[in-house]
Amino acid sequence: MSRDNNRIRNFFNTTWGFFFLVVFLFCVKTYLVYLTKFTLGVKGPLQEFILAVNPIPAALLTFGIALYFSGRLRYWLIMIIDFIETVWIFANIVYYREFSDFLSLGIIKGSGNVQNNLGKSLMEIIRPTDFLVFLDIAVLIILLVTKVIRIDARPFKKYKAFIVSIASMVLMFGKYSLASADRSGLLTRTFDNNYIVKYLGLNEYAAFNVYQTQKESATRSQAKASDMDSVLKYLKHSRAKADPAYFGKLKGKNIIIIHLESFQQFLINYKVNGKEVTPNLNKFYKNKHTLSFDNFYHQVAQGKTSDAEMMLENSLYGLPQGSAMVTYGSQNTYQAAPAIFDQKGYSTAAFHGDVPSFWNRDSTYKSWGYQYFFSSQYYKTKPSYSVGYGLKDKIFFKDSAQYLEQLPQPFYAKLITLTNHYPYLIDKQNTDFPATKTGDKTVDPYVQTAHYLDQAFGEFLSYLKKTGLYKDSALVLYGDHYGISNNHRPAIAQLLHKKSINSYDLAQFQKVPFMIHSPNLKGKLDHSYGGEIDVLPTLLHLVGDKNNNTIQFGTDLLAKKHDQTVAFRDGDFVTPKYTKVGSTVYLTKTGEEITPNKQQKQELAKLQNHVTTELSLSDRVIYGDLLRFYQPKGFDKTNKKDFTYQYTKSLDNLKKAETKTPTSIKAKNDGKSTVDEYKTDAPELKDK
Ligand code: GP9
Ligand code: MN
């Protein structure tokens, strides 16, 4: 027994032994921090496994640097690296507690988010247990100083250090492959910092963040104020004047934006076994007070929801790669819808049942000027309340009422739904709607979650009507992007009752609903061609804003001069006449493929030039952060430090705002909550 003990001690008295002990302790502590200090949303055994092993490669790589040095220095370097790494963990624990996100170079450099009043509140956030991350270091130092562990000062062969470095990189690559298999597009689409930490680790996150920040600041520093000239010149010719018949028709109304997740236009009036998938939305679509559009397309790329949000609230295109909200959301200057409405005296709030860090919303929304962001932290949760990314729509809408009723009116509120999201999971108790029978497992439940979303919307609408919010509001509904991707051609053909489908059908399949509804609005079914980029200019005219000065690439869908060329992010386009996909051109009306004649060729070249110019100018605005050089008349620059989404502070701000301007629906109800008026049949909330 004592021989064994001796052998172990002897091992720890060697460089190898000490190195592995430090790495082991560091990995275990990192893993414990993952489990106890962060909410990484680990699901399933593969993700559990990845999380457990994820600190190892980077620990070997960084601690391994010390192995190249000689004697005692080697030991102290190991300890210094351990200390630096641990400070990084500690800082993230503290930052995460406040912001549910990880530190980034931008914050550390102090250029952007630091104005989150971080310094002031730091002492309030730190908890004594946070310091436990330094425990292993303290113990190791004591063991070294008391010579319980002896320093092995013998030379350590460089090739051994080299083997450690190589092995760590091989492991890192293996881990990355495993992670990519589970979550494709992890680094290209850049969803959420939580994902990068979950799959790759805190060190890899740091490295990736440095890379991203450098890339971002490089494009920013290359840009000059004069780059705005070409943008302004372009916009001068493309602005469309409002139609007086609609200008100002929604003035003073609350604007309630409902983001219909993955919702495609084909679902409108679609039936399965003779049953309407979305009876409430269908009714709404036909209502005489709804402006409905049936040639409205999503224009997103990899950034999916975030691209839709960028277009909707800024009239700027998403980027060809990744998500603009993630890469350029924190530092860039924006002239976004929430800020514009705020300056008109509206309260502004976003509601979403997912974690705040997804798509970097927590930071981007401040750049856009949202006063409030009610994310998953603001909603009561139980395992049964959530599916997929977060809260089930019925519960989400219902529990949003408690905040909506407190917003001083008029307000601009955006509610982002979630349940109708790939892979369209819905539990039995929540659906009796028949799935389609294409045989494609991904596609078939889509109508069931869409049906659930429709019911949730119906319940929300009833609440608005009951409380009187309805008559003072305008509802703006849109589908953010496709739900069924182009990889499901045979199933799409069946859904559309066609033998087969071609690129033309797929292009038309990208239509999503867009509706604007208000009790006194004169509705119509509008066949104009347009897309997400056009929403903000349309909305601003409706609320009575001439909108002559802001930088927006879309045009008012209701305007006579509205530009009906719908640009897709890959440079393809649809116009009332042509649908161009790659090098193939179809007539939009009939779907007939054409070989363009000379005149058509000229026309198409002009359209292509227009689309390419518009996309690249929009990209230049984002890459170069050009809006920092341009101050539109009547618009004040958005200041991120004016906003906090920290739970208690934010609710406190809401209270203060309500007292100062007692126009909320709750204030008007003599301070009595209207939440009881909300009726839902959500089975999870029964017997409450
Ligand atoms: C997540 C949700 C989904 O918060 O918005 O984003 P998506 O995957 O649709 O881009
Ligand atoms: Mn989406």
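Summary of packing: across the peptides 274-280, 317-323, the per-residue average of other C-beta atoms within 10 Å ranks them, highest first, as 317-323, 274-280.
The Kirkwood hydrodynamic radius of the chain, based on inverse pair distances between different Cα atoms, is 27.4 Å. Think of the chain as having a plus end and a minus end, set by charges on the Cβ of Lys, Arg, Asp and Glu; of Tyr446, Val566, Leu496, Val566 sits farthest toward the positive end of this dipole. Once the C-beta distance of Leu132 and Lys601 is scaled by a Förster radius of 51 Å, the resulting FRET efficiency is 0.15 to the nearest 0.05.
Surface listing: Arg183, Arg127 arranged by accessible area from highest to lowest gives Arg127, Arg183, probe 1.4 Å. Taking label positions 7 Å along the Cα-Cβ direction at both Tyr68 and Lys465, the computed distance is 7.2 nm, reported to one decimal. The C-alpha atoms of the chain define a longest principal axis, and helix 227-238 lies at about 20 degrees to it.
Projecting the Cα atoms of Pro383, Phe284, Met515 onto the dipole axis of the chain, where Lys and Arg carry +1 and Asp and Glu carry -1 at the beta carbon, places Pro383 farthest toward the positive end.
Principal-axis analysis of the Cα atoms of the chain puts helix 135-145 at an angle of about 20° to the longest axis. Taking amide H as placed 1.01 Å from N in the peptide plane, Ile255 has its amide H under 5 Å from the amide H of Phe411, Tyr412, Ala413, Ala474, each at least 5 places away in sequence or on another chain.
Each Lys or Arg adds one and each Asp or Glu takes one away; over the other residues whose Cβ falls under 12 Å from the Cβ of Val23, this sums to -2.
What does the highest-first list of 341-353, 133-145 look like by mean Cβ count within 10 Å? It would help to have the intermediate numbers written out before the result.
On the way: 341-353: 22.2, 133-145: 14.8.
The packing order, highest mean first, is 341-353, 133-145.
As I understand it, the dipole of the chain uses +1 on the Cβ of Lys and Arg and -1 on the Cβ of Asp and Glu, about the Cα centre. Which of Pro423, Leu404, Gln631 lies farthest toward its positive end? Of the listed residues, the answer is Gln631. Each Lys or Arg adds one and each Asp or Glu subtracts one; over the other residues with Cβ under 15 Å from the Cβ of Asp454, this totals 0.
Please give the length that would be gained between Lys241 and Ala218 if that part of the chain were fully extended, namely 0.36 nm times their separation in residues minus their C-alpha to C-alpha distance (nm, one decimal). All intermediate terms of the calculation are to be shown ahead of the outcome.
On the way: separation 23, 0.36 × 23 = 8.28 nm, distance 3.70 nm.
Once the chain is fully extended between Lys241 and Ala218, it gains 4.6 nm.
Cα centroids of region 230-281 and region 649-687: 28 Å apart.
Give me the dipole magnitude in Debye, nearest 20, for the chain about the Cα centre, with unit charges on the beta carbon: positive for Lys and Arg, negative for Asp and Glu.
On the way: 85 positive and 62 negative charges, 132 e Å.
Dipole about the Cα centre, nearest 20: 640 debye.
Within the accessible area of the chain, the carbon and sulfur atoms contribute 58%, probe 1.4 Å, all protein chains present.
Could you calculate the FRET efficiency of Ser384 with Lys679 from 1/(1 + (r/R0)^6), where r is the beta carbon distance between them and R0 is 30 Å, rounded to 0.05?
Once rounded, the FRET efficiency stands at 0.95.
Net charge of the neighbourhood of Thr364, taken over other residues with C-beta under 11 Å away and scored Lys/Arg +1, Asp/Glu -1, is 0.
In debye, nearest 20, what is the charge dipole magnitude of region 129-268 about its Cα centre with +1 on Lys and Arg Cβ and -1 on Asp and Glu Cβ, if you could check? Mind dumping the intermediate values first?
Details: 20 positive and 11 negative charges, 79 e Å.
In total the dipole reaches around 380 debye.
The listed peptides 640-651, 620-631, ordered by packing as a protection proxy, come out as 620-631, 640-651 (highest mean of other Cβ atoms within 10 Å first).
Between the helical axis of 55-64 and the dominant principal axis of the chain, each derived from Cα atoms, what acute angle in degrees is found, rounded to the nearest 10? For 55-64 against the chain, the angle is about 50 degrees.
Region 30-53 and region 503-524 have Cα centres separated by 42 Å.
The values are calculated or read from the model by the stated rules, or taken from the named source; none is laboratory data. The shown structure was predicted, so the numbers you read here are calculated from the model rather than taken from an experiment. Here Cβ is always computed from backbone atoms with ideal geometry, including for glycine, and neighbour counts include all displayed protein chains. To get the accessible areas, we keep the full protein, side chains included, count just its heavy atoms, and leave off ligands, DNA and RNA. Shrake-Rupley method; radii C 1.70, N 1.55, O 1.52, S 1.80 Å.
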